[in-house]
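A.B. asks: I'd like to ask some things about the structure below.
The values are calculated or read from the model by the stated rules, or taken from the named source; none is laboratory data. The structure presented is a predicted model; accordingly, all values stated were derived computationally and were not measured. Cβ placement follows ideal geometry from the backbone for every residue including glycine, while neighbour counts extend to all protein chains displayed.
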Amino acid sequence: MPKGSDLLVQALENEGVERIFGIPGEENLDIVESLRTSKIELILTRHEQAAAFMAATYGRLTGKPGVCLATLGPGALNFSTGAAYAHLGAMPMIIITGQKGILKARQARFQIVDVIASMKPITKMARQIVSASSIPTIVRDAFRVAMEERPGPVLLELPEDIAAEKAESYTVPSHPVDIPVAHPKAIARAAEMIIAAKRPLIMLGAAASRPRSTSDLGGFVQRTGIPFFTTQMGKGTVAHGTRLYMGTAALSERDYVHEAIDAADLIIAIGHDTVEKPPFFMGQRGQKVLHISYMPANVEEVYYPDAEVVGDLGPTLKLIAERLEDRLPNAGALLSLREHILARISDRNDEDRFPVTPQRLVRDVRSVIPEDGIVCLDNGMYKIWFARNYRTYVANTLLLDNALATMGAGLPSAMMAAILYPNRRVMAVCGDGGFMMNSQEMETAVRLGLNLVVLILDDSAYGMIRWKQAVDEFPDYGMTFKNPDFVKYAESYGATGHRVESVEALVPTLEKAFQAGGVHLVAVPIDYSENTRVLVEELRAKVKDLTLDPAE
């Protein structure tokens, strides 16, 4: 008769799980033994946080839950940032943690933390398993909850005595669950609003980048002919090489793309999730907003739609498009702004000064990444520049986090992408601060034999906060540090290290690293003075010019 841990692993196999990421502990040893003889690969990481980031990224890229494993107390609590990352980012994930026995307390309160209570606010469900015979049913329910809209993390705590308990073996079959299509009245109302609009504009948000969503979005945009912009996490959902792409809202206001946003009389927000930093503020120009998504809108001070269409995005958008074809004489009214917006975004991206500027960095990275190549960003000032300037052609090929916006996720998320897509170019772009938060995973990447380039932007500071400190006119204090020799640091893990010492050397160095294969770290100094020149002074002057009274 199998024990509880065997039933857990069998249930995971039944769900199609191929890998589990994490660090086991004393309370997981039964699970480890059950995994040893299973089809599931246990991938050891060097910190639980990295395991959670990898499992969440698996969910983001596939639409199926990634799975991570840790022990009780300290190990489980190290999952908290990854759980919040998945919860805010709507990434399906299963978290499995251990616990002391619940039938006897031979170690009293040693290492015991109420993990269920601590994780409930940052998961969709957190549940302790108290009977081995219930495990197959609980695992099936956990996967269902993790995947249904809005996707997110589920935590299962398996005490060691329940893991060792004998029980009858059985499986719970899964079945497809279709999301309802929006109500016909909502579809008709939406079509009427779009037909009546004089200057319509589409916004594609985070939920539009779900793997199940992206194939139908392009059809809607092409059939309507309405120009579109994206939020940071909505990039790539429609090919940005189209004549309808207007830009990405990397800031909440005043950027060049906001010239189109402010001029629109109707914004069709597809898949917008207000966990993202606002791409625009409602109420400033009086335009109407139509919310189309899997879930109803969260009404916020800056987002309160005039109408909603709630249902499965693909089929719903098809039904709306059928009502709109050949009935939108004003569809392209805002396209006259497109050339100006995109030209200003690419301004000065060929400057040859060194250290490299953000605009040049983004251009050079784009030049070595194929259309299906994946760039995974950590969190820092460069995220704004990549969101604003990096052109994407395929969904989920620029992975950034604009929800929790945590540091430390760039390298693990790129490792997950490299595991899933070994034949595609994958790059992690990290600031020196964010990289060092999980840099120990370089050993994991080398051990797994990944093909991965890690680009480190070296300014010896927490650059985004230092910039904000300067903009707010605080003294420069508490933001700088010293870095290791990144080339030697990479080599100590068995990776290959490179230091770029001229702007002309960046592209050849990256190209050489990709062609060689294996894990490469490329360190390049960056000049963030452009942050103030462009994102503060230039945009502030633009707004002043737009609001200047002609009589003056």
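A.B. asks: Would you check if there is a residue in the range 53-64 being without any contact (Cβ under 8 Å) to a residue 60 or more places away in the chain and either among the hydroxyl-bearing types (Ser, Thr, Tyr) or on the phi > 0 side of the Ramachandran plot (or both)?
C.D. replies: No, there is no match, as no residue in the range 53-64 is without any contact (Cβ under 8 Å) to a residue 60 or more places away in the chain and either among the hydroxyl-bearing types (Ser, Thr, Tyr) or on the phi > 0 side of the Ramachandran plot (or both).
A.B. asks: Is there a residue being assigned by TED's automatic domain parsing to the domain that holds Leu158 and outside any helix (DSSP H, G or I) anywhere in the range 48-59?
C.D. replies: No - not one qualifying residue is present in the range 48-59.
A.B. asks: Of all residues in the range 95-150 being among the hydroxyl-bearing types (Ser, Thr, Tyr) and farther than 30 Å from Gly271 by Cα, which is surrounded by the most Cβ atoms within 10 Å (Cβ to Cβ)?
C.D. replies: Per the criteria, the residue is Thr97.
A.B. asks: Go through (1) among the acidic types (Asp, Glu); (2) more than 18 Å from Ile384 (Cα to Cα); (3) buried (at least 17 other Cβ atoms within 10 Å of the Cβ) and name the single condition Glu276 misses.
C.D. replies: Unmet for Glu276, out of (1) among the acidic types (Asp, Glu); (2) more than 18 Å from Ile384 (Cα to Cα); (3) buried (at least 17 other Cβ atoms within 10 Å of the Cβ): (2).
A.B. asks: Separate question: Regarding Val302, is this residue over 30 Å from Leu457 (Cβ atoms), hydrophobic (A, V, I, L, M, F, W, C) and modelled with pLDDT under 95?
C.D. replies: For Val302, the condition - over 30 Å from Leu457 (Cβ atoms), hydrophobic (A, V, I, L, M, F, W, C) and modelled with pLDDT under 95 - is met.
A.B. asks: Hey, can you tell me all the residues within the range 319-353 that are more than 26 Å from the chain's Cα centre (by Cα), surrounded by 14 or more Cβ atoms within 10 Å (Cβ to Cβ) and assigned to a helix (DSSP H, G or I)?
C.D. replies: The answer is Leu319, Ile320, Ala321, Arg323, Leu324, Leu335, Leu337, Arg338, Arg344.
A.B. asks: Testing Ser38 on (1) crowded, with 21+ Cβ neighbours inside 10 Å; (2) hydroxyl-bearing (Ser, Thr, Tyr); (3) in a loop (DSSP other than H, G, I, E, B), one condition comes back false. Which one is that?
C.D. replies: It fails just one condition, (1).
A.B. asks: Can you name every residue in the range 160-187 that is outside any loop (DSSP other than H, G, I, E, B) and acidic (Asp, Glu)?
C.D. replies: Glu160, Asp161
A.B. asks: Right, here's the next one. Under the condition of being among the small types (Gly, Ala, Ser) and touching a Ser or Thr at 6+ places or on another chain (Cβ under 7 Å), which residue from the range 218-252 is surrounded by the fewest Cβ atoms within 10 Å (Cβ to Cβ)?
C.D. replies: The selected residue is Gly236.
A.B. asks: Does Ala70 satisfy being small (Gly, Ala, Ser), surrounded by 19 or more Cβ atoms within 10 Å (Cβ to Cβ) and within 18 Å of Thr444 (Cα to Cα)?
C.D. replies: So Ala70 fits the description; yes.
A.B. asks: Which residues, taken from the range 13-30, are surrounded by fewer than 24 Cβ atoms within 10 Å (Cβ to Cβ), touching a strand residue (DSSP E or B) at 6+ places or on another chain (Cβ under 7 Å) and assigned to a helix (DSSP H, G or I)?
C.D. replies: Across the range 13-30, the qualifying residue is only Asp30.
A.B. asks: Oh, and also: Determine, yes or no, whether Lys288 is touching a strand residue (DSSP E or B) at 6+ places or on another chain (Cβ under 6 Å), touching a residue at least 24 places away in the same chain (Cβ under 8 Å) and surrounded by fewer than 24 Cβ atoms within 10 Å (Cβ to Cβ).
C.D. replies: Yes, satisfied.
A.B. asks: List every residue pair whose Cβ atoms lie under 8 Å apart, where the two residues are 6 or more positions apart in sequence or sit on different chains, the first residue falls within the range 384-408 and is within 17 Å of Gln49 (Cα to Cα) and not assigned by TED's automatic domain parsing to the domain that holds Asp372, and the second residue, located anywhere, is of a type in the set (A, V, I, L, M) and not in a loop (DSSP other than H, G, I, E, B).
C.D. replies: From the range 384-408, no pairs qualify.
A.B. asks: Continuing with this model, one more query. If you scan the range 300-318, which residues turn out to be in a helix (DSSP H, G or I) and small (Gly, Ala, Ser)?
C.D. replies: Gly314
A.B. asks: Only one of these conditions is not met by Thr496: (1) under 28 Å from the mean Cα position of the chain (by Cα); (2) over 23 Å from Met437 (Cβ atoms); (3) not charged (D, E, K, R). Which number is it?
C.D. replies: Unmet condition: (2).
A.B. asks: Would you be able to tell me the number of residues in the range 519-538 that are in contact with a Leu (Cβ under 8 Å, 6 or more places away or on another chain) and farther than 18 Å from Tyr382 by Cβ?
C.D. replies: Residues flagged as in contact with a Leu (Cβ under 8 Å, 6 or more places away or on another chain) and farther than 18 Å from Tyr382 by Cβ within the range 519-538 amount to 2.
A.B. asks: Pull up the range 360-399, narrow it to residues that are polar (S, T, N, Q) and within 13 Å of Gln232 (Cα to Cα), then point me to the one that is surrounded by the most Cβ atoms within 10 Å (Cβ to Cβ).
C.D. replies: Going through the qualifying residues, I end up with Thr392.
A.B. asks: Now a separate question. Hey, does the range 188-196 have a residue that's touching a residue at least 60 places away in the same chain (Cβ under 8 Å), among the charged types (D, E, K, R), assigned by TED's automatic domain parsing to the domain that holds Asn330 and in a helix (DSSP H, G or I)?
C.D. replies: Scanning the range 188-196 turns up at least one residue that is touching a residue at least 60 places away in the same chain (Cβ under 8 Å), among the charged types (D, E, K, R), assigned by TED's automatic domain parsing to the domain that holds Asn330 and in a helix (DSSP H, G or I).
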